[in-house]
1. With the condition kept exactly as written, say whether any residue in the stretch 70-84 is surrounded by 10 or more Cβ atoms within 10 Å (Cβ to Cβ), modelled with pLDDT of 90 or more, more than 20 Å from the chain's Cα centre (by Cα) and outside any loop (DSSP other than H, G, I, E, B).
2. Within the stretch 107-119, take every residue that is more than 18 Å from ILE164 (Cα to Cα) and in contact with a Ser or Thr (Cβ under 8 Å, 6 or more places away or on another chain) and give me the one that is surrounded by the fewest Cβ atoms within 10 Å (Cβ to Cβ).
3. Against the condition open to solvent by less than 80 Å² (accessible area, probe 1.4 Å), among the small types (Gly, Ala, Ser) and either in contact with a helix residue (DSSP H, G or I) (Cβ under 9 Å, 6 or more places away or on another chain) or at pLDDT 85 or above (or both), how does SER103 come out, does it pass?
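The values are calculated or read from the model by the stated rules, or taken from the named source; none is laboratory data. Keep in mind it's a predicted model, so treat the numbers as computed, not measured. Glycine also receives a Cβ, built like all others from the backbone with ideal geometry; neighbour counts cover every protein chain displayed. The accessibility values were calculated without ligands, DNA or RNA, using every heavy atom of the protein model including side chains. Shrake-Rupley method; radii C 1.70, N 1.55, O 1.52, S 1.80 Å.
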Amino acid sequence: MTPATQLAVSLATTLADEKKSAEVTDWAARLGWLVGLALFVALVYWLMREGWKWRGTLQSDLPELPEVPGDPGPAILTMSGRYHGSTTAGQWLDRIVAHGLGSRSRAELTLTDAGLAVERPGATDFFIPVQALRGARLDKGIAGKVLTEGGLLVVTWAHGEKLIDSGFRSDHAAEHTTWVETLNQMTNHTEGAR
């Protein structure tokens, strides 16, 4: 045997002796971490839910929402889209959750001479009488939802002692401008009649 062959054989023997099996997974520790993580996530969700309920309790002075009348009259404008939430007027992050106003949902809006009917499948419908309308504008955010500039129709209305901004986004954003103009004309006409 040549010295090179002897070196190769001794190196192969040394490497074979040093091979060890892979370390066994410590299943108890891994399971403990997973259970701990699951409990932490559950705690965070529970705290968020309690915060939502507490906000509703703080807003309990808000009167019940008007129901959509049986015959509000012929439609001036209609819109399909999303309801993104309601806030205290002028404070786009102060979400109102009382009476289901905090629930985002699909929405069908119908504007009549009597007011604005908001029908929401899976959430509480409500009606904004024409006397309660205070104006409309295009904005980019409400209640933690931020869109492109002018991507949101915000309707300001009075309910009880509170001014409320409600945000809607049409399936066809080009409709927003018509809605703002029409609502502001109705508001100006109503204010002149008071």
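1. yes
2. Restricting to residues being more than 18 Å from ILE164 (Cα to Cα) and in contact with a Ser or Thr (Cβ under 8 Å, 6 or more places away or on another chain), the top hit is GLU108.
3. Yes: the conditions hold for SER103.
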